[in-house]
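All remarks here apply to the structure that follows.
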Amino acid sequence: MDAVGTGRRRRSLREAAALLNREGVPTRRGGQWWPEGVRRALAEAERARVVLIGALD
C-alpha cells in the first residue's frame, strides 16, 4: 500500500499524514499522524469494510 486514494490524485502515506496533521485530525489516541499510522488506519478500515460487506450478504 504505497499510496492513498484513487485516480489521478494519489498521495503517498507521508503526504496523507501531513494533510491529516495540517487539518488537525487527531489519531485515535490524540496524537499526530505518521505514515505507518495512516497505513494501519487504512488497513483497519478495509478489514471493517470486508466484515460489513460480508455481514450484508
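Which order do you get for Val51, Val38, Val25 if you rank them by accessible area with a 1.4 Å probe, largest at the top?
Details: Val51 105, Val38 10, Val25 60 Å².
Output order, biggest surface exposure first: Val51, Val25, Val38.
Please turn the phi angles of segment 18-25 into ³J(HN,Hα) values with the Karplus equation 6.51 cos²θ - 1.76 cosθ + 1.60 (θ = phi - 60°), one per residue in order, whole Hz, x for glycine and proline.
4, 5, 4, 5, 4, 7, x, 7
Subtracting the Cα-Cα distance from 0.36 nm times the residue separation, let me have the gained length for Gln32 to Leu52 in nm, one decimal.
Values: separation 20, 0.36 × 20 = 7.20 nm, distance 2.81 nm.
Net length gain for the segment: 4.4 nm.
Would you calculate the separation in nanometres between label points at Ser12 and Val25, each defined as 7 Å from the Cα along the Cα-to-beta-carbon direction?
The modelled label-to-label distance comes out at 1.9 nm.
The values are calculated or read from the model by the stated rules, or taken from the named source; none is laboratory data. Keep in mind that what you see is a predicted model, and the values were worked out from it rather than measured. So basically every Cβ, Gly included, is an ideal-geometry build from the backbone, and we count neighbours across all protein chains shown. Note: accessible area is taken over every heavy atom of the protein model, side chains too, but ligands, DNA and RNA are not part of it. Shrake-Rupley method; radii C 1.70, N 1.55, O 1.52, S 1.80 Å.
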